[in-house]
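Values in this text are rule-based calculations from the coordinates and carry no lab data. Since the model is a prediction, treat every value here as computed from it, not as a measurement. Note that each Cβ is placed from the backbone with ideal geometry, even for glycine, and that neighbours are counted across all protein chains shown.
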Amino acid sequence: MNAAIATQRPEEGVVSWNVNTACNYRCSYCTQRFKDDRGRWARDTPRFLAAFARLPGRWEIKLSGGEPFVHPTLVELTAGLAGLGHRVSIVTNLSASRDRLLSFADAAAGRVAVFSCSLHLEYVDDPAAFAEKAAWLQGELSGRADRSLPAPHVNVTTVGTRATLPRLDALAGTFREAGVTFKVQPEKQDRDVIAYQIDERALLLRHGGHNHTGEIEHRYEGRPCWSGARYFILDDLGEAFRCYPARRFRVERMGSFLDPAFRLDDAPRPCRYATCNCTVPIERGMMPR
């Protein structure tokens, strides 16, 4: 695939920002490590907003954690990003109160891109109630949307653990009835997708594969990707990496995003990884498929 032709330069860049390392859940399959540092996160908010002001053009800032709704200045961050002309996406377990969710929506000022709700069945007893809350939020975001921008999109994702697989068909029906997009993500251990059996893989693919990409593992090594130029990963300390695999292996560091000397690549470069477990650059058309 080294001869693959790069996709056109994406008009809108994307940053996947892990804004914090705290979460109110402790899912058995979670790959995160948790540390609560609320004081520093609050103090660093102006520095991050200053750094985002230096990015050229409009970007989609994808907030995740941890759980971003436990970040002490989430509303201020969201309002600041929207005020800079960026769009705001978020990945959350949807456990926040409806008032808290509306505070986020109001702060985004109609500039929400994707609101991704992670369904963790170890903590959610009633998927129908979860679906109703997601559908309610979809209506609230649509009503606040800036009509000059792409419409906001709400989706629900769940990890395809072996305990979850027998429930996938029923779950998909629940969210379909609620009018909410439902996606499945493969379970990972030690960075790799677990060894699903043939029938389990067929079930995952029937539900769209990883985030509706039609694949379970993405083997794109060698293909030109705009990561590093129009996409990068940012942690809560301000360290930037080209992509998620780069961060996992602690390579392809881009330096501190908070440093005024921070620079993006000018062009796409070949993917260095046997598998890519992040679908953001894939879904945003940043590499040939």
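General observations
- Qualifying trypsin sites (Lys or Arg not before Pro) in region 3-93, where qualification requires a DSSP coil assignment and no more than 16 other C-beta atoms within 10 Å, comprise Arg26, Arg33, Arg54, Arg58.
- Net dipole in debye of region 226-278 [+1 Lys, Arg Cβ; -1 Asp, Glu Cβ; about Cα centre; nearest 20]: 260
- Residues Tyr231, Tyr244, Tyr25, Tyr220, ranked from the fewest to the most other C-beta atoms within 10 Å, line up as Tyr25, Tyr244, Tyr220, Tyr231.
- Rounded to the nearest 20 debye, the dipole magnitude of region 44-180 is 500 debye, with +1 charges on Lys and Arg beta carbons, -1 on Asp and Glu beta carbons, and the Cα centre as origin.
- Farthest toward positive dipole pole in the chain [+1 Lys/Arg, -1 Asp/Glu at C-beta], among Ala274, Val88, Gln189: Ala274
- Working from label points 7 Å from Cα in the Cα-to-Cβ sense, the Glu239 to Arg272 distance is 1.5 nm.
- Ranking of Tyr123, Tyr196 by neighbouring Cβ atoms within 10 Å, starting from the fewest: Tyr123, Tyr196.
- Diagonalising the gyration tensor over the Cα atoms of region 226-278 and scaling each eigenvalue by 5 before taking the square root yields semi-axes of 18, 14, 8 Å, largest first.
- Ranking of His210, His86, His153 by count of other Cβ atoms within 10 Å, fewest first: His153, His86, His210
- The charge dipole of the chain, taken about the Cα centre with unit charges on the Cβ atoms of Lys, Arg (+1) and Asp, Glu (-1), comes to about 700 debye, rounded to the nearest 20.
- Local net charge near Arg289, Cβ-Cβ under 14 Å (Lys/Arg +1, Asp/Glu -1): -1
- Inter-label distance, nm, simple model (7 Å from Cα along the C-beta direction), Arg58/Arg9: 1.8
- Positive-pole candidate from Thr78, Ser118, Tyr29, dipole of the chain, charges at beta carbon: Thr78
- Positive dipole terminus of region 94-230, leading residue within Pro166, Ser148, Ser97 (C-beta point charges): Ser148
- Normalised by the number of residues in region 13-217, the average gap of Cα pairs under 8 Å and 6 or more apart makes the relative contact order 16 percent.
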